[in-house]
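Okay, so here's the structure we're looking at.
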Amino acid sequence: MKRIFKVVLTTTLIFAMILSGTFTAFGAQTDGIKMQYNGEEITFTDAAVKMTDGRVVVPFRQILETMGADVTYDAKTKTITAKTTEKEFSFAIGGTEIAITEDGIASTKEMDVAPFIDKNLGSTYVPVRFIAQTMGYCVGWDSVEKTVVIIDPATIFANTDEDFSVISKLMKSDLDLGKPYATTGKFDVDVTTYADPESIMPGMNFSVAGKISRVQQKQNADLAMSLAFNFEKMLSSMTAEEKTQIEPLLSMFKNADMKIKMDGESGITYMNSSLFTTMDPTMDENTWYKMNVYDTHEEMGIDLKSIYAMKYSSLDFSELLEGSISQMKDVDTSTYEGMKTTYALLKSLIGDEAFIKKTAGSYVTYTLDLNKTSIIAAMAKIALTEGISKDTLDMTEIADTLKSVDFGVDLMIKEKNGSLSAYDLKGTCSSEEMNCTFALAGNQKNAEGNITIDMKDAMKMIMDLESHISETSQTPDISLPADATVVDYQMPTANEM
């Protein structure tokens with residue numbers, strides 16, 4: 001029971017907070033290592049790329065200047081300083097601490113390899129992965145080509161805000177996010193699981209009615225959620241003997257609640273729920289699980305703190321794209337060209353040029369109809385106009401994939417005086433294994449929607465939801481009750497999962 005409980009809780013947290021991505025370690029090759037920056041191979045003139053302690057190191061001045069930094073070296077203090085338009089960082093040869101200043105905010109980090117001087121070559125080496133990621137670049141290792149790959153997302157997404165200004169309206173808010181806001185919401189979910197003829201697992205049908213209240217200011221949040229389970233439909237189809245056996249178990253889950261308190265600066269999060277005592281008799285109602293969600297996700301290669309910082313500011317589409325790219329895995333020497341192709345395809349499908357614009361008085365309405373026919377047409381246009389090779393954009397393979405899927409999306413965005421007034425999103429997606437429909441509508445403070453997912457021969461879920469945001473004088477209380485018992489939450493291992 002404890003093992004199942006840990007898996008359920010971990011899965012819930014992942015669905016609530018996760019953004020995918022992992023970091024890629026460099027390979028162990030030591031001979032003939034190459035380096036690529038934005039699709040072009042770098043030729044080092046004075047010294048070669050080296051491997052030290054399992055990390056790739058490179059001559060500092062050429063790599064930093066190649067990546068667009070102005071570099072200075074103080075021989076007296078043996079300190080290297082690099083400046084870009086967005087940040088400045090400095091570090092001393094032989095030390096592992098690097099000082100970073102970005103947007104006027106100073107911080108320090110520890111490098112995994114200390115910069116050093118190769119006395120035989122007279123060159124100063126720095127750890128390339130750490131330096132490139134400090135600059136906000138995507139870094140990977142192509143083991144086949146024995147090549148370190150560095151990509152500056154800004155070079156690909158330089159015009160994103162202009163190319164995607166319409167859809168970006170969904171991500172921008174006129175709310176003063178420095179102030180506290182109260183969110184109230186509710187949802188109703190009906191779940192049906194189908195009986196598996198090859199096992200003894202019976203079909204199930206139950207519903208959940210949930211309510212959520214949250215006070216949030218910037219990244220600090222105080223959330224309370226209540227769940228009411230209803231198993232009447234399932235029980236009505238059972239025999240008296242089956243009811244007698246299962247009713248005691250179901251009664252444990254009839255009503256549940258959860259409280260979450262999060263310190264957005266540190267990432268420390270506390271969770272308390274009646275489900276804890278239900279699934280683990282050693283716990284009581286005053287027990288709070290503690291975990292650092294930033295550290296937990298950092299182990300998976302996800303910079304959750306930076307993601308939240310973007311979320312609770314004025315988020316641009318370019319920040320969203322660059323943030324997702326910086327967390328990419330499986331980076332190789334073809335990735336840069338693949339990113340450029342993906343950008344061109346996105347621009348054709350959901351960029352400003354894809355919307356139909358209509359003006360009526362002070363209102364401007366944008367509409368978009370997206371389906372697989374428009375995707376195939378956009379791909380053909382890109383292949384023709386951009387001269388993209390078959391290896392980069394395999395029309396046949398993608399077209400064959402689209403044959404097995406039928407989908408359509410209709411999006412309406414309405415603005416007044418440059419601000420979002422309303423949105424309406426409807427769509428369907430179906431394949432041999434699954435059918436899905438969704439409808440979401442609202443504005444900056446209110447939202448409602450319906451989602452239906454039918455996984456054939458497995459389960460069907462229907463969800464209705466709504467939420468409302470209002471300014472409040474209350475600030476999020478992230479402190480624990482005086483009688484709280486704190487237990488460090490341990491993520492389940494791979495074997496437990």
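Being within 18 Å of residue 33 (Cβ to Cβ) and assigned to a strand (DSSP E or B) is a property that does not hold for residue 73. Is it fair to say residue 236 is open to solvent by less than 70 Å² (accessible area, probe 1.4 Å) and polar (S, T, N, Q)? No; evaluated as a whole, the condition is false for this residue. Within segment 395-424, residues that are at pLDDT below 85 sit with their Cβ atoms under 7 Å from residues that are hydroxyl-bearing (Ser, Thr, Tyr) and not in a strand (DSSP E or B), at 6+ positions apart or across chains, in these pairs: 404/431; 405/431.
Here the condition is being within 23 Å of residue 463 (Cβ to Cβ), acidic (Asp, Glu) and open to solvent by 30 Å² or more (accessible area, probe 1.4 Å); of 161, 188, it holds for 188 alone.
For segment 198-217, the set of residues classified as part of a loop (DSSP other than H, G, I, E, B) and either modelled with pLDDT of 85 or more or open to solvent by less than 70 Å² (accessible area, probe 1.4 Å) (or both) consists of 199, 203, listed by residue number.
Quick one: would you say residue 206 is touching a residue at least 24 places away in the same chain (Cβ under 8 Å) and either touching a helix residue (DSSP H, G or I) at 6+ places or on another chain (Cβ under 6 Å) or within 15 Å of residue 447 (Cβ to Cβ) (or both)? Considered against the rule, which asks whether it is touching a residue at least 24 places away in the same chain (Cβ under 8 Å) and either touching a helix residue (DSSP H, G or I) at 6+ places or on another chain (Cβ under 6 Å) or within 15 Å of residue 447 (Cβ to Cβ) (or both), residue 206 comes out as yes.
The condition of being more than 25 Å from residue 480 (Cβ to Cβ), in contact with a helix residue (DSSP H, G or I) (Cβ under 9 Å, 6 or more places away or on another chain) and part of a loop (DSSP other than H, G, I, E, B) does not hold for residue 283. The residue pairs whose first member lies in segment 330-346 and is under 14 Å from residue 383 (Cα atoms) and open to solvent by 50 Å² or more (accessible area, probe 1.4 Å), whose second member is modelled with pLDDT under 85 and of a type in the set (S, T, N, Q), and whose beta carbons are closer than 8 Å, counting only pairs six or more residues apart or on different chains, are 337/392. Of all residues in segment 131-141, one or more are open to solvent by 30 Å² or more (accessible area, probe 1.4 Å), within 24 Å of residue 41 (Cα to Cα) and not in a strand (DSSP E or B). For segment 360-384, the set of residues classified as touching a strand residue (DSSP E or B) at 6+ places or on another chain (Cβ under 8 Å) and either among the β-branched types (Val, Ile, Thr) or part of a helix (DSSP H, G or I) (or both) consists of 364, 365, 367, 372, listed by residue number. Within segment 89-117, the residues that satisfy the criterion of being in contact with a strand residue (DSSP E or B) (Cβ under 7 Å, 6 or more places away or on another chain), of a type outside the set (Ser, Thr, Tyr) and surrounded by 16 or more Cβ atoms within 10 Å (Cβ to Cβ) are 89, 91, 92, 93, 98, 100, 111, 113, 115. Scanning segment 76-88 for residues that are assigned to a loop (DSSP other than H, G, I, E, B), farther than 23 Å from residue 52 by Cα and open to solvent by 70 Å² or more (accessible area, probe 1.4 Å) turns up 76, 77, 85, 86.
Among the numbered conditions (1) modelled with pLDDT under 80; (2) open to solvent by 50 Å² or more (accessible area, probe 1.4 Å), the only one that residue 279 does not meet is (2). Just one of the numbered conditions (1) touching a strand residue (DSSP E or B) at 6+ places or on another chain (Cβ under 6 Å); (2) under 20 Å from residue 169 (Cβ atoms); (3) modelled with pLDDT under 95 is not true of residue 447: (3). For segment 419-473, the candidate set comprises residues that are of a type in the set (D, E, K, R) and open to solvent by less than 50 Å² (accessible area, probe 1.4 Å); within that set, the residue that is nearest to residue 183 (Cα to Cα) is 424. The residue that is nearest to residue 372 (Cα to Cα), among those in segment 413-447 that are assigned to a loop (DSSP other than H, G, I, E, B) and of a type in the set (Gly, Ala, Ser), is 431.
Can you find a residue in segment 169-178 that is of a type outside the set (S, T, N, Q), assigned to a helix (DSSP H, G or I), touching a helix residue (DSSP H, G or I) at 6+ places or on another chain (Cβ under 7 Å) and open to solvent by 20 Å² or more (accessible area, probe 1.4 Å)? The answer is no; no qualifying residue exists.
Hey, could you check segment 20-38 for residues that are part of a loop (DSSP other than H, G, I, E, B) and crowded, with 17+ Cβ neighbours inside 10 Å and say which is modelled with the highest pLDDT?
38
Close contacts from segment 80-99, counting a first residue that is without any contact (Cβ under 8 Å) to a residue 40 or more places away in the chain and at positive phi and a second that is surrounded by 15 or more Cβ atoms within 10 Å (Cβ to Cβ) and basic (Lys, Arg), with Cβ to Cβ under 8 Å and a gap of 6+ residues or different chains, come to 94/78.
The values are calculated or read from the model by the stated rules, or taken from the named source; none is laboratory data. Because the structure is a prediction, the values reported are computed rather than measured. Note: ideal-geometry Cβ built from the backbone for every residue, glycine included; neighbour counts use all protein chains shown. Side chains included, ligands, DNA and RNA excluded: accessible areas come from the protein's heavy atoms. Shrake-Rupley method; radii C 1.70, N 1.55, O 1.52, S 1.80 Å.
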